[in-house]
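Since the structure comes first, as structure tokens, the remarks are kept for the end.
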Amino acid sequence: DVKVTQSSRYLVKRTGEKVFLECVQDMDHENMFWYRQDPGLGLRLIYFSYDVKMKEKGDIPEGYSVSREKKERFSLILESASTNQTSMYLCASSPLSKDRASYEQYFGPGTRLTVT
Amino acid sequence: AQSVAQPEDQVNVAEGNPLTVKCTYSVSGNPYLFWYVQYPNRGLQFLLKYITGDNLVKGSYGFEAEFNKSQTSFHLKKPSALVSDSALYFCAVRDTDGSDYKLSFGAGTTVTVRA
């Protein structure tokens, strides 16, 4: 089974702090994704990466950055946390496919971040 | 641009009754369509997908979905719901004409199955 793990299930940070969310997958997947989930809004893509050191902005990248130094690890960074970044953060991975994206994404358990 | 709509925020059914969760989509080309389920305090789990071929797709836990191109719909169905099916369900779409790997998700539908 594919396993995607996230470093914390719950996290409480203060406004202005730098926050690191870590995600690790064990299936040698090329693609990795960071989403935030908010009630009534579904999942919104923050950033994704299709290879080591490669990254692409998603739909809501403002206030976030990412790092992918190794294939199995994809980090989300909040440079200066704000209260409007309080949310559930979900990491996902998927293999590369010839037709670009017919494979499903595999999700981690999520990190519920509260910024006070 | 690609998008997906789940017109119902909540669906309530009695155990043993049929369950339907609705999804409609909009794409420029052809769609790849996915259903995921999220149990409380858990990540999303993949249920099924439509890529090509037979319009009726069967997936995990007895769920199935029917792709209808003329109605641009991909409704999730289960003939006989269980209390354990109570969860949050997401439909997602990707346009085959797109140039990246992004999925667009619906807002989600909360399913409650009462005993």
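The values are calculated or read from the model by the stated rules, or taken from the named source; none is laboratory data. Quick caveat: nothing in here was measured; it's all calculated off a predicted structure. Note: ideal-geometry Cβ built from the backbone for every residue, glycine included; neighbour counts use all protein chains shown. These area figures cover heavy atoms from the full protein model, side chains too; ligands, DNA and RNA do not enter into them. Shrake-Rupley method; radii C 1.70, N 1.55, O 1.52, S 1.80 Å.
Worth pointing out:
- Candidates A:GLY58, A:GLY16, filtered to the one that is open to solvent by less than 60 Å² (accessible area, probe 1.4 Å) and modelled with pLDDT of 95 or more: A:GLY16
- Against the test of being modelled with pLDDT of 95 or more, open to solvent by 20 Å² or more (accessible area, probe 1.4 Å), under 22 Å from A:GLU17 (Cα atoms) and not aliphatic (A, V, I, L, M), the options A:SER65, A:SER87 yield a single qualifying residue, A:SER65.
- Counting only residues that are away from chain A (no Cβ under 11 Å) and either under 11 Å from the mean Cα position of the chain (by Cα) or surrounded by 20 or more Cβ atoms within 10 Å (Cβ to Cβ) (or both), region B:3-30 holds 8 of them.
Yes/no per residue for (1) within 14 Å of chain B (Cβ to nearest Cβ); (2) over 23 Å from B:ALA5 (Cα atoms):
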site	(1), (2)
A:GLY40	yes, no
A:ILE46	yes, no
A:GLU56	yes, yes
A:TYR64	no, yes
A:GLU72	no, yes
A:SER75	no, yes
A:SER80	no, yes
A:SER97	yes, yes
A:ARG112	yes, yes
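- Top-ranked residue in region B:39-72 [being under 27 Å from A:ARG36 (Cβ atoms) and of a type in the set (Gly, Ala, Ser); ranked as nearest to the other protein chains (Cβ to nearest Cβ)]: B:GLY43
- Inspection of region A:40-50 finds a residue satisfying the criterion of being over 20 Å from B:PHE34 (Cα atoms) and of a type outside the set (Phe, Trp, Tyr).
- Test: residue in region A:33-47 that is within 20 Å of B:ALA92 (Cα to Cα), among the polar types (S, T, N, Q) and buried (at least 16 other Cβ atoms within 10 Å of the Cβ): yes
- So B:TYR36, is it at the interface with another protein chain (Cβ under 9 Å from one of its Cβ atoms), open to solvent by less than 30 Å² (accessible area, probe 1.4 Å) and closer than 24 Å to A:GLU30 by Cβ: yes
- Some residue of region A:32-45 being in contact with a Gly (Cβ under 6 Å, 6 or more places away or on another chain) and assigned to a strand (DSSP E or B): yes
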